[in-house]
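Everything below concerns the one structure shown next.
The values are calculated or read from the model by the stated rules, or taken from the named source; none is laboratory data. Note that the coordinates shown come from a computational prediction; the quantities given were computed from them, not determined experimentally. All Cβ positions, even for glycine, are placed from backbone atoms using ideal geometry, and neighbour counts span all protein chains on display. Calculation scope for accessible area: heavy atoms of the full protein, side chains included, ligands and nucleic acids excluded. Shrake-Rupley method; radii C 1.70, N 1.55, O 1.52, S 1.80 Å.
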Amino acid sequence: MRFLTAGESHGPELTAIIEGLPAGLPLTAEQVNHELARRQKGYGRGGRMLIEKDQVRFTSGVRHGKTIGAPVTMIVKNRDWENWQSVMSAEAVPEKEQLKRRVAKPRPGHADLVGGMKYHHRDLRNVLERSSARETTMRVAIGAVAKVLLAEVGIHLAGSVIELGGIKAPTEQLSVAEIKVRSEASEIRMVDTTQEEKVKALIDATKKAGDTLGGVVQVIAEGVPAGLGSYVQWDRKLDGRLAQAVMSINAFKAVSFGIGAEMARKPGSQVMDEILYEEGYTRKTNHLGGFEGGMTNGMPIIVQGVMKPIPTLYKPLSSVDIDTKQPYKASVERSDTTAVPAASVVCEAVVATELAQAVLEKFEADTLTELQHSINRYREDLEQY
């Protein structure tokens, strides 16, 4: 399975194309729209979420509620396009129109300046429109399709926020089903709500100060069979591929598995997961987050991603005008105080996408039935090993 996304933040629409899905997968717009709505929620979101009510439309690859084996195309229209038609027009417009909303003062922490240098843009809007986190709309749409596929073979995921603005949420050993219920009930997607009011107060104070907040999100996947990925080449190690996928999310700057950085502070005897046999191989603990040697080991996958504070500030930082080279305050675009709760949904989506790709690489999958038979036979073989 492979995919591409396209579209600008204030362009007419966003597009995704997925190739390699098996035929016969039940798939509806409602399933995707449910995930898109989850992405738009969360305490601390900005005004854009009041404008966009993302709805997907399939334009290929799905017929009568099922995939047909052809590439699946999804489109989400940008409602805000009505206010940007001349600014973002694909056709030539008068110079006066071209200069409207031109960006010449790059924002620290964004792709603005480096993207302009790379592609020789004199209007940095050409960079920020595509580098915007609006692109994650289609990453979530693709992840929604991946989650439907994974559920058909007994793999389920859930994401949550485990830290926001330096406030850590107590973590518990919970099932994916329990995490889903608890995180969906929380405006900040924390499974333990004892810190919720404290976090919301911090978000309010930060918004008033014109600043932003980052945090840490966690995704857990259950039902993943042992043996996805491979140790034989560096680029086939699934934890490495997952790390790259998580790091590709806008504003994510670190990724870890299991107990993460705590491994560096413990002796090996307190890190390695001892092997047990109880009607199949299992582990006494899951410090390594479901991976050994770049392969899934049958334990739940546990992956965390660190999101930096959003770099668009209402109290803008110092920058330099690319025309005059004089110091200025950076340009201000509409922004969130924090998008960490939404980022947990995006992280779910990219983890689901990478797992779906790994499943489709390993098992015969021209049709959903073929995939299910193949993975069920494999699970039976693992039980006999």
Please work out the average accessible area per residue across the chain, using the 1.4 Å probe convention, and give it in Å².
49
Could you list which residues have their amide H under 5 Å from that of THR337, counting only those 5 or more apart in sequence or on another chain, with H placed in the peptide plane?
GLY46
Quick one: among VAL320, VAL359, VAL76, which has the greatest mean-square fluctuation in a GNM of the chain with alpha-carbon springs under 10 angstrom?
VAL320
Would you please name the GluC sites (Glu not before Pro) within the range 319-385 that are DSSP coil residues with at most 16 other C-beta atoms within 10 Å of their C-beta?
GLU364
On full extension of the chain, what length is gained from THR59 through GLU19, given 0.36 nm per residue of separation minus the C-alpha to C-alpha distance?
13.0 nm
For the range 254-385, alpha-carbon Rg over 2.2 N^0.38 Å:
1.60
Tell me, what % of the accessible area of the chain is carbon and sulfur with a 1.4 angstrom probe?
53
I want to verify a result. In a Gaussian network model of the chain, Cα cutoff 10 Å, which of these has the top mean-square fluctuation: ASN83, ASN297, ASN33?
ASN83
Can you give the FRET efficiency for ASP323 and VAL93, using 1/(1 + (r/R0)^6), R0 = 22 Å, r = Cβ-Cβ distance, to the nearest 0.05?
0.60
Taking the Cα-to-Cβ direction at TYR119 and at ASP366 and moving 7 Å from each Cα, how far apart do the two end points lie in nm?
4.0
Would you please give the residues with an amide H less than 5 Å from that of ALA23, counting only those at least 5 places away or on a separate chain, with H modeled from the backbone geometry?
GLY69, THR367, LEU368
Applied in sequence order to the range 235-241, the curve 6.51 cos²θ - 1.76 cosθ + 1.60 (Karplus, θ = phi - 60°) yields integer Hz couplings, x standing for Gly and Pro, of 7, 9, 6, 5, 5, x, 5
What's the FRET efficiency of ASP192 with TYR314 using the Cβ-Cβ distance as r and R₀ = 25 Å, to the nearest 0.05?
0.25
Place a +1 charge on the Cβ of each Lys and Arg in the range 2-384 and a -1 charge on the Cβ of each Asp and Glu, then give the dipole magnitude about the Cα centre in debye, rounded to the nearest 20.
1560
Amide H neighbours of GLU292 under 5 Å, at least 5 residues apart or on other chains, H built in the peptide plane: list them.
ASN297
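Where Rh is the Kirkwood radius over the Cα pairs of the chain, the temperature 10 °C and the viscosity 1.306 mPa s, what D in µm²/s does Stokes-Einstein return?
Roughly 71 µm²/s, to the nearest whole number.
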Sort 321-327, 63-69 by the packing proxy (mean of other Cβ within 10 Å over each peptide's residues), most packed first.
63-69, 321-327
Hey, any idea what the orientation-averaged projected area of the convex hull of the range 97-144's Cα atoms comes to, in nm²?
4.1
With R₀ set to 25 angstrom, the calculated FRET efficiency between the beta-carbons of ASP211 and THR285, to the nearest 0.05, is 0.05
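Leaving ligands, DNA and RNA out of it, rank TYR277, TYR231 by accessible area with a 1.4 Å probe, largest first. Before the final figure, lay out the partial values.
Working: TYR277 125, TYR231 150 Å².
Heavy-atom accessible area, descending, gives TYR231, TYR277.
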For LYS253 and ILE275 in the same chain, what is the full-extension length gain: residue separation times 0.36 nm, less their Cα-Cα distance, in nm?
4.7 nm
Could you sort out which of LYS105/LYS329; LYS168/LYS308; LYS41/LYS253; LYS53/LYS147 sit more than 18 Å apart by Cα distance in this structure?
LYS41/LYS253; LYS53/LYS147
Using helices alone, what [θ] at 222 nm do you get for the chain, with -39,500 (n - 2.57) per DSSP H run of 4 or more residues, divided over all residues and rounded to the nearest 500?
-9500 deg cm²/dmol
For LYS237, go through the aspartates and glutamates and keep the ones whose alpha-carbon is under 12 Å away, minus same-chain ones fewer than eight residues off.
GLU292, GLU354
Solvent-accessible surface ranking, highest first, for TYR385, TYR328 at 1.4 angstrom
TYR385, TYR328
